[in-house]
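The structure under discussion is supplied below as structure tokens; questions concerning it will follow.
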Amino acid sequence: MIRGMEALMIRGMEALMIRGVVYGAISLATISSIACAEDLATATTPLAPGTFTTSAHSDEWKIANALSAGPASITEHAAVMDWPANPKDGMSHGRVLRQGTNGWTCMPDVPGRPQHDPMCVDETMMKWLTATLAGKKPDIDRVGLSYMLLGEARQGQGAAPAKDPSQVKEWFYVGPHIMVVLPDSAKDALRGINQDHSNNQPYISLLSSADVATPIWVIPVAKGGDGRGGE
């Protein structure tokens, strides 16, 4: 009789333990689900003052953030690629987060900026970006296009990227814009165009001080602060 009661007690304790494990797993799953939803909500909302973009996000967050850079007609079928750990390695070292079918690629925030700055580029602009980051001549033979509909924050023209973004004395907030790269044979057409990116006017930018750098034409479509998630 006593042994029977002991067996029943042991089975009861085992059942309670199993139930506790199941409930714990369900609770963790619920918490994770809520955390994920909250995380995704920050992919396009303005950053809190004193904080900077970071690569420490889930793939789902990065995809949501990257796709906010362009119009839905493009992002619907665009690939999504994360930035390589070392940009000079080239975009071929970036991790593909989602396959695409239309030749466009979207990237999430560049880490260390005080404003979201995802980007969507076509094949020509990707060629330009990869070569420019590596300090090489892009050899552009046709027009390329890029969207940055959340805008971006930049240092002054020609300034070396800051190792510690909190030490940058002045950031220039550029509103939603598109970027155009011209074929090398036509880049002289950009001569005389504004180079000041603080006045909300179209401007040209090299992004690199290398002698082989090819300029791009940056065309704001709204003032800084008028974009989705801009400052």
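Net charge around PRO108, counting only other residues with Cβ within less than 14 Å of its Cβ (Lys, Arg = +1; Asp, Glu = -1)? Please report the intermediate quantities before stating the final value.
Details: positive: LYS62, ARG95, ARG98, ARG113; negative: ASP39, ASP59, GLU60, ASP82, ASP109, ASP117, GLU152.
That sum, taken over residues with Cβ under 14 Å, equals -3.
Run the accessible area of region 67-134 with a 1.4 Å probe and give the carbon-and-sulfur part as a rounded percent.
Using a 1.4 Å probe with all protein chains present, region 67-134 comes out at 53 percent carbon and sulfur.
Restrict the search to region 107-183; then list the trypsin sites (Lys or Arg not before Pro) that DSSP places in a loop and that have at most 16 other Cβ atoms within 10 Å of their Cβ. Present the calculation step by step, with values, prior to reporting the outcome.
Numbers: sites: LYS127, LYS136, ARG142, ARG154, LYS163, LYS169; in loops: LYS136, ARG142, LYS163, LYS169.
Listed in order of number, the matching sites are LYS136, ARG142, LYS163, LYS169.
Additional query: I want to check the label-to-label distance for LEU40 and LYS169. Put each point 7 Å from Cα in the C-beta direction and report it in nm to one decimal.
Once both label points are built, they end up 4.4 nm from each other.
Starting with the highest mean, order 190-196, 76-82 by the number of other Cβ atoms within 10 Å, averaged over the residues of each peptide.
76-82, 190-196
Would region 99-165 count as rounded, prolate or oblate if I go by the C-alpha gyration tensor, calling it rounded below 1.5 in a/c and otherwise prolate when a/b exceeds b/c, oblate otherwise?
Details: a/c = 2.22, a/b = 1.34, b/c = 1.66.
Judged from the Cα gyration tensor, region 99-165 comes out oblate (a/c at least 1.5, b/c at or above a/b).
The values are calculated or read from the model by the stated rules, or taken from the named source; none is laboratory data. The shown structure was predicted, so the numbers you read here are calculated from the model rather than taken from an experiment. Here Cβ is always computed from backbone atoms with ideal geometry, including for glycine, and neighbour counts include all displayed protein chains. These accessible areas exclude ligands, DNA and RNA; they are computed on the full protein's heavy atoms, side chains included. Shrake-Rupley method; radii C 1.70, N 1.55, O 1.52, S 1.80 Å.
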